[in-house]
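Contents: one structure, followed by commentary.
The values are calculated or read from the model by the stated rules, or taken from the named source; none is laboratory data. Nothing here was measured: the structure is a model prediction, and the numbers come from that model. Here the Cβ positions follow ideal geometry from the backbone for every residue, glycine too, while neighbour counts run over all protein chains shown.
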Amino acid sequence: MSHSVSKSEAQRTVTEYKASTGLLREEIVCDLNDDAQDFVKSKHAPKTQLAYKSDARIFTEWCYLQNPSINPLHCKTADICNFLAMQAKGNLSRWQWVDKKKGQGTLVNGKPLAFSSVSRRFSGVKFALSQLGRKFSKAETEVVADTLAGIANRVSTQPSKVKGFGPDELRLIFSEMNLNDHVDLRDRALLMLLFAGAFRRSELASLKHKNIKFIQNKGMDIKIEKVKRNRNGITKSIVAGDSDLCPVRFMQEYIDAAGIFNGYVFRRSNRSRKMLLDNISDLSIYKIVVNRFKKANIDGRFGGHSGRRGFVDTSLRAGKPINKVMEMTGHKDLRTVQEYFDETERWKDNAGSGLY
């Protein structure tokens, strides 16, 4: 004799089954060994992991400052929306360390965050909660989406762009360098590669000697093992220059003078300006760019992305095919690189040209 099961009974059975078998995410993750947990975390790039960790810390502190009774792990959707709104307004939006070594800090008021930062903070909070089994209903998702859409309408979504640099700026900077100094040789090779290879600063910070291959009378191949959105990495062929700007010669002179024949290429230096064994950081490269341009009295907002932007701009002005430019930058989607060449190409073959 068959037994019919009502919809409510079926739902209750599924719920009881999940509870009895321990299918909650946090319980499963707790049972993973260290290696498995490390692989789960590696789903996201190290920088993304750090960003999400920072977002979770900021949200936790925000909850406490707003109302100690708010439990971040079981917060209401309204709490998340209120958090995002205050970030967009600049209220309790900036993290300030009290004692970084002890991991102690708090939130203070500051400039309103850009939309991209507000959106990223929600992604970090959502990721942290999802790791603990929190699921958002359709209604909750819609309210958060409406909040973000409203912020986007009130706050500029256009990212602040750095200025690109090219051969002219580099010549000015290099003219003031002491080429008997290892740090100056390092910075010369670094700045030249940021431009010549359209490298990201993270790629050069982690570059190792074993991944550089010099090819006589041609240039050098540089293998980047980990590339954004490309897990297999890429190899960039850097052609030797005929002029006073030659990235291949600059790199060779630097590693020979500093005695770098293994390990990291771009390294930290001590107070005596001697190269150490550990590599420089992304932030260090940013500071090198800013300080070198400031020292050369070159006006403009420059940063670690300036060489990459300058490469695209200079290549397109020289008439290089867009597919070859993307081959160097590593972009797969034309829409992604679109923002780089819009300013360069908008006057070329303009629709209004010759009409008046």
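The set of residues in segment 71-96 being among the aliphatic types (A, V, I, L, M) and crowded, with 19+ Cβ neighbours inside 10 Å consists of I80, L84, M86, A88, L92.
To keep it simple, each residue is scored yes or no on (1) farther than 13 Å from K163 by Cβ; (2) not in a helix (DSSP H, G or I); (3) not aromatic (F, W, Y).
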residue: L277; (1), (2), (3): yes, yes, yes
residue: K287; (1), (2), (3): yes, no, yes
residue: G300; (1), (2), (3): no, yes, yes
residue: G319; (1), (2), (3): yes, yes, yes
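Residue-wise test of (1) farther than 14 Å from A56 by Cα; (2) out of contact with any Asp or Glu (no Cβ under 8 Å at 6 or more places or on another chain).
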residue	(1), (2)
L73	no, yes
K76	yes, yes
A85	yes, yes
A88	yes, yes
W97	yes, yes
G105	no, no
K126	no, yes
K135	yes, yes
L148	yes, yes
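I'd like to know if segment 45-57 contains one or more residues that are loosely packed, with under 13 Cβ neighbours inside 10 Å and touching a residue at least 40 places away in the same chain (Cβ under 8 Å). Yes, segment 45-57 contains at least one residue that is loosely packed, with under 13 Cβ neighbours inside 10 Å and touching a residue at least 40 places away in the same chain (Cβ under 8 Å). Every listed requirement among (1) part of a helix (DSSP H, G or I); (2) at pLDDT below 90 is met by V143 save one, (2). A search for C-beta distances below 9 Å between a residue of segment 90-108 that is in a loop (DSSP other than H, G, I, E, B) and any residue that is charged (D, E, K, R) and surrounded by fewer than 14 Cβ atoms within 10 Å (Cβ to Cβ), counting only pairs 6+ apart in sequence or on different chains, returns G90/K111; S93/K111.
When each of Y286, Y264 is tested for being without any contact (Cβ under 8 Å) to a residue 60 or more places away in the chain, in the same structural domain as D184 (by TED's automatic domain parsing), within 20 Å of R200 (Cα to Cα) and buried (at least 16 other Cβ atoms within 10 Å of the Cβ), the lone residue that passes is Y264. Residues in segment 237-247 that are closer than 10 Å to G219 by Cβ and surrounded by fewer than 21 Cβ atoms within 10 Å (Cβ to Cβ): S237, V239, A240, G241, C246. There is no residue in segment 162-175 that is more than 30 Å from D313 (Cα to Cα) and buried (at least 19 other Cβ atoms within 10 Å of the Cβ).
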